[in-house]
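A.B. asks: Here it is, the structure, as structure tokens.
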Amino acid sequence: MIHHPDKNYIDPIPVRIYNQSAYCAHVEEEADGNPSYHDIKEYLLKGEYPKHANHIKKCTLWRLSNHFFHSGRNLYRRTPDSGLLRCVDAKEASKLLEDAHAGTCGPHMNGFALAKKIIRAGYFWMTMETDCIQYIRKCF
């Protein structure tokens, strides 16, 4: 308990520390043949969690799915200003990285600027900033 100057007591806030990282940190580059957003797309379509998901992954998947919108064959991520970013798989993401960085419209920018440029173009994937920074490191 923490003693407050007004003689009121404030209950401590419980903080949980997990040994395993969050769900979105475990996004693999299509190791199972499915894009990184496959679980979110299936959850939005069917309303069912993956079979391998424990309670923490289910909560994280539910929380992540609030930011996504499914239309036709595409999955879109909602932005705070009510815009939509189309989710892409790893193959399309690598093409976008190359075109935006060194293609006809690319001025060899840093990782965060590259990620922002791809977002302005209307595309999204879960590990965008990390992939952009790693791509920039390989470029030099």
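A.B. asks: How many nm is it between the label spots at SER82 and LYS116, if each spot is 7 Å from the Cα in line with the beta carbon?
C.D. replies: Distance between the two pseudo-spin positions: 2.5 nm.
A.B. asks: Counting Lys +1, Arg +1, Asp -1, Glu -1, what net charge surrounds ASN66 among other residues with beta carbon under 15 Å of its beta carbon?
C.D. replies: Result for the neighbourhood of ASN66: +4.
A.B. asks: Which lysines, on any chain, are close to LYS116 with Cα under 21 Å apart, when same-chain ones fewer than 8 places away are left out?
C.D. replies: Candidates past the 8-residue exclusion: LYS91, LYS95, LYS138.
A.B. asks: Can you give the FRET efficiency for ILE13 and HIS67, using 1/(1 + (r/R0)^6), R0 = 25 Å, r = Cβ-Cβ distance, to the nearest 0.05?
C.D. replies: Computed FRET efficiency for ILE13 and HIS67 comes out at 0.50.
A.B. asks: Separate question: Pop out the ³J(HN,Hα) list for segment 41-47 in order, Karplus 6.51 cos²θ - 1.76 cosθ + 1.60 with θ = phi - 60°, rounded to Hz; leave Gly and Pro as x.
C.D. replies: Listing the rounded values in order: 5, 5, 5, 5, 6, 9, x Hz.
A.B. asks: Report the semi-axes of the equivalent ellipsoid for segment 48-140 in whole Å, largest first, where each axis is √(5λ) for an eigenvalue λ of the Cα gyration tensor.
C.D. replies: In descending order, the three semi-axes are 28, 16, 12 Å.
No lab work stands behind these numbers, since they all come straight from the coordinates. Quick caveat, the model's predicted, so the values are computed rather than measured. Neighbour counts run over all protein chains shown; Cβ positions are idealised from the backbone, glycine included.
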